[in-house]
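Let me begin by presenting the structure, written as structure tokens, before commenting on it.
The values are calculated or read from the model by the stated rules, or taken from the named source; none is laboratory data. Since the structure is predicted, the reported quantities are computational estimates derived from the model, not experimental observations. All Cβ positions, even for glycine, are placed from backbone atoms using ideal geometry, and neighbour counts span all protein chains on display. Calculation scope for accessible area: heavy atoms of the full protein, side chains included, ligands and nucleic acids excluded. Shrake-Rupley method; radii C 1.70, N 1.55, O 1.52, S 1.80 Å.
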Amino acid sequence: PSPRSCQPHGANEEALRYEIEELKQKDLSLDQEIAQLLSEGYSLEELEKHISLLHEYNDIKDAGQMLLGKLAVIRGVTTKQLYPEYDLELSD
């Protein structure tokens, strides 16, 4: 059984209420952030494109990290040791 199923019924309900309230607050915060960006002249299409590009960037970065990791294993070094060889910063 899951840890939640071992909790008393009231505690489980309270946890769910708390989670729902947190999600409502997050939704409100995101709506406010979107409204702020729209008021600054951004369009929804532009924001969606930006988000899409960020996802693509993250996917490419993840693939690069995976390749560096495999290369590091083959060479018997750490990925950190490979960064200078490929002109990468640790913050990359």
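Report yes if LYS26 is among the basic types (Lys, Arg), open to solvent by 70 Å² or more (accessible area, probe 1.4 Å), under 19 Å from the mean Cα position of the chain (by Cα) and modelled with pLDDT of 90 or more, otherwise no. Judged against the criteria, LYS26 is a match. For the stretch 66-90, the tally of residues that are assigned to a helix (DSSP H, G or I) and either in contact with a strand residue (DSSP E or B) (Cβ under 8 Å, 6 or more places away or on another chain) or open to solvent by less than 70 Å² (accessible area, probe 1.4 Å) (or both) stands at 6. Cβ-Cβ contacts under 8 Å between residues 6 or more apart (or on different chains), taken from a first residue in the stretch 75-88 that is under 14 Å from GLN65 (Cα atoms) and in the same structural domain as GLN65 (by the TED database) to a second residue that is hydrophobic (A, V, I, L, M, F, W, C) and open to solvent by 100 Å² or more (accessible area, probe 1.4 Å), are listed as LYS80/LEU90; TYR83/LEU90.
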